[in-house]
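The block underneath contains the structure these notes are about, expressed in structure tokens.
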Amino acid sequence: MSESPPDSEPPEKEPIPSVLHSFYEDRPFVSCTRCGESLKDFEDGFRISKNFKKDEVIIEYALCMPCLNSMLDEASEESKQRLAEFQAEHYREVSGFNDCALCPKEFDQVKDAEYGLVGVCHGDFMVDSAMICHGCMEAMSEIMSEETRRTWDRFREENFPGVPSDFEPFPARPAPSVI
Ligand SMILES: [Zn+2]
Ligand SMILES: [Zn+2]
């Protein structure tokens with residue numbers, strides 16, 4: 001999972017790349033991290049998020065769309081509003097893992113620090129993907145309200161007991177076109 005930077009510019013539909021497989025289970029994700037249901041059963045698909053520090057996987061999870069949406073719904077109105085504004089302002093028309101979805105940084109510039117990779121998947125296929133650099137994750141974290149941060153903290157504590165609480169929250173909508 002550590003070797004090469006993932007491919008950019010996914011065609012419309014491609015098999016889920018190995019960089020988005022579960023590092024801990026050493027295979028593709030099969031169930032939702034939150035509800036445990038089989039990911040393939042969700043017609044609306046699911047979203048895989050993995051955060052790296054250099055080559056190391058810091059955290060990884062796959063959320064079915066209902067779980068993802070309910071997590072997003074739990075965000076305060078204020079956070080939703082601010083995130084939407086932030087993303088409307090910064091979102092770039094890029095896809096794939098080579099360019100940050102929210103700023104002009106490229107993978108080569110961020111690969112020695114922390115960064116996040118996101119894939120929107122349907123069954124065995126990935127239909128959209130994004131990379132978010134550490135700076136942009138921080139920026140989004142800063143505009144979220146305490147309350148919203150607590151929702152993510154709870155998710156993290158329930159699902160990843162070992163993970164430090166200062167771990168960055170994941171982007172709420174890195175791929176607005178699909179969510
Ligand atoms: Zn779920
Ligand atoms: Zn960025």
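The values are calculated or read from the model by the stated rules, or taken from the named source; none is laboratory data. On a predicted model such as this, the values are computed, not experimentally measured, just so you know. Neighbour counts run over all protein chains shown; Cβ positions are idealised from the backbone, glycine included.
Only one of (1) modelled with pLDDT of 90 or more; (2) under 18 Å from Arg150 (Cβ atoms); (3) touching a strand residue (DSSP E or B) at 6+ places or on another chain (Cβ under 6 Å) is not met by Cys64, so which one is it? It fails just one condition, (2). Scan segment 2-20 and tell me whether some residue there is surrounded by 13 or more Cβ atoms within 10 Å (Cβ to Cβ), within 16 Å of ligand 2 (Cβ to nearest atom), modelled with pLDDT under 95 and not in a loop (DSSP other than H, G, I, E, B). Checked against the condition, which is being surrounded by 13 or more Cβ atoms within 10 Å (Cβ to Cβ), within 16 Å of ligand 2 (Cβ to nearest atom), modelled with pLDDT under 95 and not in a loop (DSSP other than H, G, I, E, B), segment 2-20 yields at least one hit.
Please work out which residue is surrounded by the fewest Cβ atoms within 10 Å (Cβ to Cβ), limiting yourself to segment 120-136 and to residues that are within 16 Å of ligand 1 (Cβ to nearest atom) and closer than 18 Å to Glu60 by Cβ.
Initial filter on segment 120-136 (within 16 Å of ligand 1 (Cβ to nearest atom)): 120-123.
Subset that is closer than 18 Å to Glu60 by Cβ: 120-121.
Working: Val120: 22, Cys121: 24.
My answer is Val120.
Hey, does segment 74-87 have a residue that's within 15 Å of ligand 2 (Cβ to nearest atom) and either free of Cβ contacts under 8 Å to residues at least 12 places away in the same chain or over 16 Å from Trp152 (Cα atoms) (or both)? Yes, some residue in segment 74-87 is within 15 Å of ligand 2 (Cβ to nearest atom) and either free of Cβ contacts under 8 Å to residues at least 12 places away in the same chain or over 16 Å from Trp152 (Cα atoms) (or both).
One residue stands out among those in segment 88-109 that are under 16 Å from the mean Cα position of the chain (by Cα), outside any loop (DSSP other than H, G, I, E, B) and not aromatic (Phe, Trp, Tyr): the one that is farthest from ligand 2 (Cβ to nearest atom), which is Gly96. Taking first residues from segment 123-147 that are within 13 Å of Gln87 (Cα to Cα) and partners that are assigned to a helix (DSSP H, G or I), the Cβ contacts under 6 Å between residues at least 6 apart in sequence or on separate chains come to Ile143/Arg82; Ile143/Phe86; Met144/Ser79.
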